[in-house]
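Scroll down for the structure; my scribbles are underneath it.
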Amino acid sequence: MAKKSCKKRILLKLSGEALSKDGHRGVSATSLKAIAQEIAQMYKETGCQLAIVIGGGNIWRGVRDGGGVIDRVNSDGMGMLATVINAIALQSALEETGVPTRVQTSVNIYQMAEPFVRRRALRHLEKGRIVIFAGGTGNPYFTTDSAAALRASEIGADVLLKATQVDGVYDSDPKKNPKAKRIKKISYKEAIEKRLQFMDTAALAICMENQVPVQVFNLHKKGNIKRAVCGQDIGTLIY
């Protein structure tokens, strides 16, 4: 049973870069293990239903890596495959902690993972399995943020938790402006109007349409995932 103070059904969005280390490409075993342990501890202590959408930027960053040689559609397809690699890696690391998982993909790779089927995903969640969604939306031109917003809406998540490299959403880039201020709460509409760069507009619009709140927080502070799940005042809430 989930604790009353904690959300019951969560969609956690992880960037592919979260699995890398010191900006290097690929999957770092150290980073992977640390994230898996953090997620597993939260999951066991709260009893929530947890789904995860993971990016692929540690392996392939779409058009940027295409370098003008690979067209946008193929480049985005390669990015989708990168998310599958990350999902399988995260699945293995989570199962090492004793947590049952399933990987579902929006692109068909039957030998590696299940295809995404909403009813099956919901059944896995009800059975106490963490479901990792890979392959983005399955379409080019959409980010994994959009995939996270879409899947969160489809499974009826109480909140979309977006784990990032910073402490929340700021009124300007904190890396460039030392006087940048963290925004604690902001509406979807205001976030879209101000063009805040923490999530793409399509993803925010999906969340707004389906009334899925978004909480942006720093992944790298130990215990932050559980704090976010249990509704503590960290990061930024978009509602």
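In a DSSP loop and with at most 15 other Cβ atoms within 10 Å, the chymotrypsin sites (Phe, Trp or Tyr not before Pro) in the range 122-182 are Y141. Averaging the inverse of every distinct alpha carbon separation and then flipping it gives the Kirkwood radius. What is it for the range 20-150, in angstrom units? Mean inverse Cα-Cα distance, inverted, gives 15.2 Å. For M208, the solvent-accessible surface with a 1.4 Å probe is about 80 Å², rounded to the nearest 10. Could you tell me which residue out of I192, F116, C230 lies farthest along the dipole of the chain toward its positive end? Charges go on the beta carbon: Lys and Arg +1, Asp and Glu -1, centred on the Cα centre. Of I192, F116, C230, it is C230. When the alpha carbon gyration tensor of the chain is reduced to an equivalent ellipsoid, its three semi-axes come out at 24, 23, 18 angstrom, largest first.
Rounded to the nearest 20 debye, the dipole size of the chain about its Cα centre is 720 debye, using +1 on the Cβ of Lys and Arg and -1 on the Cβ of Asp and Glu. Ligands, DNA and RNA are left out, and with a 1.4 angstrom probe the accessible area of the range 1-86 is 48 Å² per residue. Computed in the context of the full set of protein chains, the accessible area of the chain at 1.4 Å probe radius has 50% of its extent on carbon or sulfur.
Rounded to two decimals, the Cα radius of gyration of the range 93-180 over 2.2 N^0.38 Å is 1.35.
Packing-based ranking of 121-132, 7-18 yields 7-18, 121-132, ordered from highest to lowest mean Cβ neighbour count within 10 Å. Screening the chain for whole DSSP H helices with an alpha carbon extent of at least 18 angstrom along the helix axis and a mean Kyte-Doolittle hydropathy of at least -0.5 yields 29-46, 72-96. Residues whose amide H falls under 5 Å from that of A134, counting only those 5 or more places apart or on a different chain, are Q104, T105, S106, with hydrogens built in the peptide plane. Phi angles of the range 220-234 translate, via the Karplus equation with coefficients 6.51, -1.76, 1.60 and θ = phi - 60°, into HN-Hα couplings of 8, 8, 4, x, 5, 4, 5, 4, 5, 4, 8, x, 6, 7, 10 Hz per residue; Gly and Pro are given as x. Partner lysines whose Cα lies under 29 Å from the Cα of K175, excluding those fewer than 8 positions away in the same chain, are identified as K13, K21, K33, K162, K184, K185, K189, K194, K221, K222, K226. Above 23 Å, the calculated P(r) of the range 133-239 contains 25 percent of its Cα-Cα pairs.
The values are calculated or read from the model by the stated rules, or taken from the named source; none is laboratory data. None of the values given here were measured: they were computed from a predicted structure. Virtual Cβ from ideal backbone geometry, glycine too; neighbours counted across all protein chains shown. When the accessible area is computed, the model is the full protein with side chains, heavy atoms only, and any ligands, DNA or RNA have been set aside. Shrake-Rupley method; radii C 1.70, N 1.55, O 1.52, S 1.80 Å.
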